[in-house]
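Student: The structure under discussion is supplied below as structure tokens; questions concerning it will follow.
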Amino acid sequence: MGDAKPPRLMSLANGSVNNSKPTHPRMPRYHAPGNVLNNNYFISRSGTRAYSSGSFASNSNSSVDMGYGNGYMYNYAPQLTLDGEAELEQCLRDGKVEMAAKKKEWYPLMTDLLPTSPLWKHYIYAVLMREPGSFQRLAAHVFGNFFAQTLVKHATAPVHQQWIMTSLFENLDDLCFNRYACRVVQQIFDHFPPDTKAVLFNTILQREDVLRMTNDGNANHVIQKMIEDLPIAYWRNLLDIYLAGEGTFFNIIEDKFGCRIMQLAVDHLAIAYEDKKSHLEAKACLEPFMALMIDNCERLSSHEYANYVVQQVIKCISGYRSELIRTCLLRNLLSLSQEKYASHVVECALKCGDAQDVYLMLEELFDGYMPEPKTGRNCIDVLLYHQYGNYVVQHMLSACYENAKLPEFAIYRSRLLEWGDRLKALIDTNSSYLSRYSSGKKMLHSLDHLLK
């Protein structure tokens with residue numbers, strides 16, 4: 001194999017023509033909504049051929065068509081030696097590219113070889129494009145998926161991108177739901193042109209199992225990538241699907257993986273909401289979403305996964321934060337503070353709420369509840385010894401002493417310090433008991449730190 005012929009190609013730029021027919025079969029077009037390829041590229045009956053009068057034309061000063069735009073695919077391995085990797089080189093020269101990329105000890109070398117050697121790069125693409133299903137098999141393999149990601153990243157020629165998209169659409173369901181192949185699908189959004197990404201997004205959006213993808217441990221990463229990479233104008237249609245009814249909304253927001261999609265959507269909508277150019281578009285998306293959130297806030301705050309979305313709204317969306325706090329949390333703070341998940345929402349509101357909202361929350365917790373008739377314990381006494389409520393008390397300490405230093409809390413300063421001193425006196429009185437528990441020790445430490 002050391003005497004292998006150099007790459008065989010036809011270069012239209014320098015006038016040299018290779019009359020021998022290619023040995024590989026015809027590559028089919030992929031059928032998907034829209035057309036992501038330039039009309040100058042087509043697939044001939046005799047073999048895979050790509051013509052272009054534009055940016056992919058060959059360099060007339062070069063003997064090799066490095067852009068791959070104007071010639072046949074490489075049918076033979078390049079006259080290059082892979083130093084120190086004779087077995088791998090022999091395997092590649094024998095056309096066993098897929099097998100080599102799946103080997104644990106070889107796939108790192110393969111991923112390094114593709115971007116560093118243009119001759120080997122086009123030979124490898126040519127071999128894989130002649131093998132039906134090679135891309136899907138690589139993408140779904142524990143080691144091969146890393147090489148498949150490299151194939152996507154370095155598919156600079158349209159014919160390479162067409163082959164990848166063809167392979168993708170042939171088996172999109174299995175690839176998106178596969179733990180390894182979903183990583184490869186995500187790479188499309190990082191490295192392919194915008195119109196190609198739009199075709200992929202619209203294809204996924206039109207599938208009946210888009211909701212199942214959202215709640216799947218693997219496929220949800222593809223949905224997240226779509227939201228991260230594409231403008232709101234694209235994925236607002238996806239949000240409309242999620243908000244089509246309360247049943248669908250709860251199915252997504254209360255799911256372990258679906259809640260991540262909702263959090264990410266809130267994060268991006270919050271950024272757009274603050275931007276003058278995209279404010280109206282973001283507001284149009286947020287209004288139906290927040291209507292469902294506010295109507296069901298208590299249920300969502302108490303849910304194992306949905307509470308994270310409530311927290312994200314409080315942290316990020318200033319325009320709706322106050323409405324959510326006043327509608328959902330106020331007048332329910334004592335009960336919510338004693339719940340495992342809702343207590344996190346209360347803590348988040350104390351930390352991120354506007355000055356007036358934080359003041360109203362503290363006023364309710366300190367003075368808004370009557371003491372228990374039999375024991376005489378007030379709200380703070382109850383929370384101080386509660387397994388979840390004690391963490392709310394720690395945030396109350398910070399809200400009193402730290403906020404008293406801020407200019408936006410100036411009109412509430414005297415009241416904040418008064419509440420802080422009351423809480424300090426209660427903690428000091430019970431310090432010996434609190435020091436027995438890790439949460440109590442943390443509270444004592446926080447108090448010492450705040451008073452320094």
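The values are calculated or read from the model by the stated rules, or taken from the named source; none is laboratory data. Here the structure is a predicted model, which is why all the values come from computation and not from measurement. FYI the Cβ positions are ideal-geometry reconstructions off the backbone, even for glycines, and counts take in every protein chain you see. Each accessible area value is taken on the protein alone, full model and side chains, heavy atoms only, with ligands, DNA and RNA left out. Shrake-Rupley method; radii C 1.70, N 1.55, O 1.52, S 1.80 Å.
Student: With the checklist (1) closer than 26 Å to Asp381 by Cβ; (2) open to solvent by 10 Å² or more (accessible area, probe 1.4 Å) in hand, flag the one item Ser301 doesn't pass.
Tutor: Unmet condition: (2).
Student: Moving on. Cβ-Cβ under 7 Å, sequence separation 6+ or interchain: first residue in region 403-419 and on the phi < 0 side of the Ramachandran plot, partner part of a helix (DSSP H, G or I) and open to solvent by 100 Å² or more (accessible area, probe 1.4 Å). Which pairs?
Tutor: As it stands, the answer is Ala404/Arg413, since those pairs meet every condition given.
Student: Report, by residue number, each residue of region 362-385 that is assigned to a helix (DSSP H, G or I) and open to solvent by less than 70 Å² (accessible area, probe 1.4 Å).
Tutor: Quick first cut of region 362-385, residues assigned to a helix (DSSP H, G or I) only: 362-367, 379-384.
Leu362, Glu363, Glu364, Leu365, Phe366, Cys379, Ile380, Asp381, Val382, Leu383, Leu384 - these are the residues of region 362-385 that are assigned to a helix (DSSP H, G or I) and open to solvent by less than 70 Å² (accessible area, probe 1.4 Å).
Student: List every residue pair whose Cβ atoms sit under 9 Å apart, with the two residues 6 or more apart in sequence or on different chains, where the first one lies in region 285-300 and is in contact (Cβ under 8 Å) with a residue 40 or more places away in the chain and the second, anywhere, is charged (D, E, K, R).
Tutor: If the second residue must be charged (D, E, K, R), the pairs left are Cys285/Arg236; Cys285/Asp240; Pro288/Asp240; Leu292/Glu246; Asn296/Glu246; Leu300/Glu254.
Student: Among the listed residues Tyr401, Tyr359, Tyr388, Tyr433, which satisfies the condition of being open to solvent by 70 Å² or more (accessible area, probe 1.4 Å) and among the aromatic types (Phe, Trp, Tyr)?
Tutor: Working: Tyr401 fails: open to solvent by 70 Å² or more (accessible area, probe 1.4 Å); Tyr359 fails: open to solvent by 70 Å² or more (accessible area, probe 1.4 Å); Tyr388 fails: open to solvent by 70 Å² or more (accessible area, probe 1.4 Å).
None of the other options fit; the residue is Tyr433.
Student: What's the number of the condition Thr214 fails, among (1) under 18 Å from His268 (Cα atoms); (2) open to solvent by 10 Å² or more (accessible area, probe 1.4 Å); (3) within 12 Å of the chain's Cα centre (by Cα)?
Tutor: (2)
Student: While we're on this one: Are any residues in region 240-259 under 15 Å from the mean Cα position of the chain (by Cα) and surrounded by fewer than 19 Cβ atoms within 10 Å (Cβ to Cβ), and if so, which ones? Quick ask: steps written out before the conclusion?
Tutor: We begin by selecting, within region 240-259, every residue under 15 Å from the mean Cα position of the chain (by Cα); these are 256-259.
Across region 240-259, the qualifying residue is only Lys256.
Student: I would also like to ask the following. Name the helices (runs of 4 or more DSSP H) wholly within region 93-170 that hold at least 2 residues that are hydroxyl-bearing (Ser, Thr, Tyr) and open to solvent by 20 Å² or more (accessible area, probe 1.4 Å)?
Tutor: Numbers: elements: 97-101, 107-116, 118-129, 134-139, 144-153, 158-170.
Per the criteria, 107-116.
Student: Quick check on this structure: which one of Phe177, Phe189 is among the aromatic types (Phe, Trp, Tyr) and either at pLDDT below 95 or open to solvent by less than 20 Å² (accessible area, probe 1.4 Å) (or both)?
Tutor: Within the list Phe177, Phe189, the selection yields Phe189.
Student: Scan (1) over 18 Å from the mean Cα position of the chain (by Cα); (2) within 23 Å of Ala157 (Cα to Cα) for the single condition Glu281 breaks and write down its number.
Tutor: Single failed check for Glu281: (2).
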